[in-house]
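Single-structure report; data block below.
The values are calculated or read from the model by the stated rules, or taken from the named source; none is laboratory data. Since this is a predicted model, take the numbers as computed values, not measurements. Every residue, glycine among them, receives a Cβ derived from its backbone with ideal geometry; neighbour counts consider all protein chains shown. Surface areas here come from the heavy atoms of the whole protein model, side chains and all, with no ligands, DNA or RNA. Shrake-Rupley method; radii C 1.70, N 1.55, O 1.52, S 1.80 Å.
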Amino acid sequence: MLSALSTNISSQGFANLTAAVFAFFSLLFIFRALSARLDSRLKGNRLNDPTLGADVWARREALNIVEIKELTPDIRSFTFQRQNGLPFSPFLGGQFISFQIGTPDTNKPVKARSYSISSSPNELSRISVAIKKIPNGVGSSWFHSLKVGDLVDAHPPAGHFVDNLPISTQRIYIAGGIGLTPFMSMVHEHQARATRESKMPTNVSLFYGARTQKDLAYHSELKTLTSNCSWLRYFTILSNADDATFDRGFLKLAYIKSKTTIAPDAHFFFCGPTVMTEALIAELIASGVSDKRIHLEKFVSPLELDSQQVPHREASIVFKGKSLKYSGQKTILEFLEEQVENISSACRVGVCGTCRCSGHGRVKMLTDAGLTTAEKQKGEWLACVSYPLEDLEITESS
Ligand SMILES: Cc1cc2nc3c(=O)[nH]c(=O)nc-3n(C[C@H](O)[C@H](O)[C@H](O)COP(=O)(O)OP(=O)(O)OC[C@H]3O[C@@H](n4cnc5c(N)ncnc54)[C@H](O)[C@@H]3O)c2cc1C
């Protein structure tokens, strides 16, 4: 009897356990599907969902400059609000906005420049970027000529340089010069996460290299943040230190190691001049760090992508049912725009993913930075940095 009862209890228990396991995995599946949807909406410029309401910043929109601040002699921050007074749509720390430079004539290709968001993803009523004026630079000089009240056309946030690691992972942020901007947004994002997930240990070190003390943007804000956040460590190094209280030199691995103990699973995020990032990344790889733990954002100007390396070619292109004759060295985006074909685009340097295409025929793509691994596996390419290698039949990705 006792044995029959215990068999009954254990089979009942087994059934309950099975039901609980089934319920757990069903919930996990639903949760993962929902977060994947949210993730795909947040990552990259994937907000062009026609089901989203007009209140969502889903396409090009004229934003109002509400504040301009002088951060250093050549860096200014620009803060924007939406004209309809509504909050911006959610974005991730590290993403950027592509702006249309000047007053665009809608029938002609427009100049676009991208700028990383420097404000907090937790503050959606205003968004800021910080722009360094480059001598003779088209976009940065134009921005520095603007004033409060001016309107600027902007595309929704995009980009894959985001920090979605578990909060307990050690991350080392390494910024050179204006490359600090995406980290400002990431640090603010991390602050909100650290408060939310307060039980978890967390460790962020921000290394910031600049020329002189007056070239340090957001320095006092970062010092205040550091004194309020036990998880944040902030180090500055100046190549032309004009004050003995600052470390003098360049951002090298030896300097980073002298300031922080690097965990075996630490992740490294880089944004800065190529000369700095390439040397440091080479040092890390040589010391055995896997490239999966290295994340890099490049501040490229469209002028730096050299189409001259692509030979002159002729090809037939079929797009939206029309047969077109391609001849020359223009990118596929420029060529289609010239044919007055409506094709979505934003950054024009292969980093935002807005002009993703696929189809029949091979292309040469100068950079695939704006594609996710899944998009690459699907054979997608970016029209703004691609050239035909043979006849093409092009489909725009949604
Ligand atoms: C994802 C991303 C994020 C970015 N975030 C920021 C940011 O937060 N802050 C920021 O200040 N910048 C940022 N940038 C860089 C920014 O987009 C611009 O590239 C930068 O402002 C220079 O643009 P410009 O129009 O002023 O200069 P450009 O006119 O584009 O000139 C750029 C440089 O190229 C040189 N040049 C001019 N003509 C040629 C030519 N024919 N061939 C080769 N070189 C030439 C110029 O002398 C200049 O040094 C970011 C870029 C990207 C892609």
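Observations on the model:
- Test: residue in the stretch 58-66 that is open to solvent by less than 10 Å² (accessible area, probe 1.4 Å) and at pLDDT below 95: yes
- Yes/no for Asp163 being more than 8 Å from the ligand (Cβ to nearest atom) and either more than 23 Å from Ile101 (Cα to Cα) or buried (at least 19 other Cβ atoms within 10 Å of the Cβ) (or both): yes
- Candidates Arg171, Arg211, Arg193: the one that is in contact with a Phe, Trp or Tyr (Cβ under 7 Å, 6 or more places away or on another chain) and of a type in the set (Lys, Arg) is Arg171.
- Any hit, the stretch 213-232, residues being surrounded by fewer than 19 Cβ atoms within 10 Å (Cβ to Cβ) and within 16 Å of the ligand (Cβ to nearest atom): yes
- Any hit, the stretch 147-156, residues being near the ligand (Cβ under 9 Å from one of its atoms) and surrounded by 24 or more Cβ atoms within 10 Å (Cβ to Cβ): no
- Single match in Glu278, Glu314 (criterion: away from the ligand (no atom under 13 Å from the Cβ), open to solvent by 70 Å² or more (accessible area, probe 1.4 Å) and touching a Ser or Thr at 6+ places or on another chain (Cβ under 8 Å)): Glu314
- Selected residue [within 12 Å of the ligand (Cβ to nearest atom), farther than 12 Å from Glu297 by Cβ and not in a loop (DSSP other than H, G, I, E, B)] from Ser141, Ser119, Ser114: Ser141
- The strands (runs of 3 or more DSSP E) located wholly in the stretch 291-342 that include 3 or more residues which are within 21 Å of the chain's Cα centre (by Cα) occupy 294-297.
- Restricted to the stretch 329-364, and to residues there that are within 16 Å of the ligand (Cβ to nearest atom) and of a type in the set (A, V, I, L, M, F, W, C), the residue that is most open to solvent (accessible area, probe 1.4 Å) is Val351.
- Scope the stretch 288-311; condition farther than 13 Å from Ser386 by Cα and touching a strand residue (DSSP E or B) at 6+ places or on another chain (Cβ under 6 Å); matching residues: Arg293, Ile294, His295, Leu296, Glu297
- Any hit, the stretch 372-379, residues being outside the structural domain of Phe99 (by TED's automatic domain parsing), buried (at least 23 other Cβ atoms within 10 Å of the Cβ) and part of a helix (DSSP H, G or I): no
- Residue match in the stretch 240-262 (condition: open to solvent by less than 70 Å² (accessible area, probe 1.4 Å), at pLDDT 95 or above and within 16 Å of the ligand (Cβ to nearest atom)): no
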